[in-house]
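Encoded as structure tokens, the structure appears first; notes follow it.
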Number of protein chains: 2
Amino acid sequence: MCQTAHSHADFVGPQRNRRALVIFSGGQDSTTCLLQAIADYGQQQVEAISFYYGQRHAIELEKAQWIANDLGIKQTVIDTSVIKQVTNNALMDESQVIQPAHVTSSNPSSAANQASQYPNTFVDGRNALFLLLAGSYAKSQGIHDIIMGVCETDFSGYPDCRDRFIKSMNVTMDLSMDYAFNVKTPLMYLTKAETWALADQLGYLEYVKQHTHTCYYGVEGGCGQCPSCLLRDKGLNEYLQSKEAK
Amino acid sequence: MCQTAHSHADFVGPQRNRRALVIFSGGQDSTTCLLQAIADYGQQQVEAISFYYGQRHAIELEKAQWIANDLGIKQTVIDTSVIKQVTNNALMDESQVIQPAHVTSSNPSSAANQASQYPNTFVDGRNALFLLLAGSYAKSQGIHDIIMGVCETDFSGYPDCRDRFIKSMNVTMDLSMDYAFNVKTPLMYLTKAETWALADQLGYLEYVKQHTHTCYYGVEGGCGQCPSCLLRDKGLNEYLQSKEAK
């Protein structure tokens, strides 16, 4: 099956003269980004940075640490629970029920959520915070390339997953630190099925399927019911069907 | 002396239909911004947000709390020590000596500082972090206007004090949270002498002189020796001389 880079330790891909920092949650998307970065830059040239901010389930971070260790990638874990001080939402608050978009939040203290068309799993400013801290860390290490698995085609419609935000953030980070950042989002215009196809091309379809964690409720192997599990399963089925049809 | 708004509790200025969040350190610049905001928006329409990130001296935060309380302004204090996890520098590290610009850092672990033309008091990404967290908080409170006392004419040359950074950050925050922020920097093109003149116009020259804290070394009343004290004293002397000459 494997015709790709991951089995050749001395292979380095087209970006072999650069280094990359991957924003890594241990989910399907960022794991696929990490695997692609290893193929493109070479394992020794890649680092991962993970953010812990009071998610409902520590399993996500545990999975991320297991994968980084398994792939031999240096991982830096940053506690960003500061974000809880300025905002609140269902991903961090056990008392809230996760709701899809267009359903208003039940939390009366959150005026912004009540008026929002976004699902109540949205953390205002989250991806900006992750990119900013990743940028500070990257600069301290002399790294310019930052890779993030955000995706416009994701069902969620979060504003900070859109390409226009990422490009504006890239310029803002440059101006903030007077340093040439190169923020890359290889999944931006891929469907979930195409992201599964990418993992397969890299020789890691089974690996991603078995080891990544995407469930909002933190169920090992996925609950199969939450928006995140549904999206993941639907994409996988679509990809496997299209593969069989070839 | 006083012909200005601060003695008239029911006065509200030209921004009376809006609310403002002032990023407030308790120093000369942000205190002047807070006083101007009270004059423009009315005391009831203004909030302050202060960031604690492991500064050398807690006196700065104590002064900020005293001033906010004295002026009757709601203050939110946010612990942003997360920034210590991704970068390090003289403002947070007792082992480093504060050095002016163009002198390289003595900290061998900081490749970025060693190669930088900035003074080693620069925290990469600091103002972006402050604005981002202020933005998340402001949105949660339904506030659109954020006021920050950064200044291009400051001696330091920090990139994240420049107008181009602030405007780019404003757009990025909008795109990040899908919310219309209005980041205002009333001191951007003022000299220190002109900032003292503004405090005087607001009827608060003596107040700012007595109650604000700017010294890098945390000396009560100022050490008179550090770059911050020198800049403050020089500006005050310039303003007082120009005032006497009139």
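The values are calculated or read from the model by the stated rules, or taken from the named source; none is laboratory data. Just so you know, these numbers come straight off a predicted model, no measurement behind them. Glycine also receives a Cβ, built like all others from the backbone with ideal geometry; neighbour counts cover every protein chain displayed. Only protein heavy atoms, including side chains, enter the accessible area calculation; ligands, DNA and RNA are left aside. Shrake-Rupley method; radii C 1.70, N 1.55, O 1.52, S 1.80 Å.
Being at pLDDT 95 or above, closer than 20 Å to B:Thr31 by Cβ and out of contact with any Leu (no Cβ under 9 Å at 6 or more places or on another chain) is the filter here, so list the residues in region B:131-186 that pass it.
Across region B:131-186, the qualifying residues are B:Leu131, B:Lys184, B:Thr185.
Any idea which residue in region A:146-165 is farthest from the other protein chains (Cβ to nearest Cβ), counting only those that are touching a helix residue (DSSP H, G or I) at 6+ places or on another chain (Cβ under 8 Å) and outside any loop (DSSP other than H, G, I, E, B)?
A:Ile147
Are any residues in region A:125-140 more than 7 Å from chain B (Cβ to nearest Cβ), touching a strand residue (DSSP E or B) at 6+ places or on another chain (Cβ under 7 Å) and open to solvent by 10 Å² or more (accessible area, probe 1.4 Å), and if so, which ones?
Selection gives A:Phe130 alone.
Those residues that are assigned to a loop (DSSP other than H, G, I, E, B) and within 12 Å of chain B (Cβ to nearest Cβ), I need them from region A:171-208; list them, please.
Those that are assigned to a loop (DSSP other than H, G, I, E, B) and within 12 Å of chain B (Cβ to nearest Cβ): A:Asp178, A:Tyr179, A:Phe181.
Could you tell me which numbered condition B:Asp233 fails, if it satisfies all but one of (1) in a helix (DSSP H, G or I); (2) more than 14 Å from chain A (Cβ to nearest Cβ); (3) crowded, with 18+ Cβ neighbours inside 10 Å?
Of everything listed in (1) in a helix (DSSP H, G or I); (2) more than 14 Å from chain A (Cβ to nearest Cβ); (3) crowded, with 18+ Cβ neighbours inside 10 Å, B:Asp233 misses just condition (3).
Pick from A:Gln75, A:Gln65, A:Gln43: which is over 22 Å from A:Glu220 (Cβ atoms), in contact (Cβ under 8 Å) with a residue 24 or more places away in the chain and not hydrophobic (A, V, I, L, M, F, W, C)?
A:Gln43
Please specify each residue of region A:67-81 satisfying the condition of being open to solvent by less than 10 Å² (accessible area, probe 1.4 Å) and part of a helix (DSSP H, G or I).
A:Ile67, A:Ala68
Suppose we filter B:Gly224, B:Gly203 for residues that are open to solvent by less than 50 Å² (accessible area, probe 1.4 Å), without any contact (Cβ under 8 Å) to a residue 24 or more places away in the chain and farther than 22 Å from B:Asp124 by Cα; which single one remains?
Being open to solvent by less than 50 Å² (accessible area, probe 1.4 Å), without any contact (Cβ under 8 Å) to a residue 24 or more places away in the chain and farther than 22 Å from B:Asp124 by Cα holds for just one of B:Gly224, B:Gly203, which is B:Gly224.
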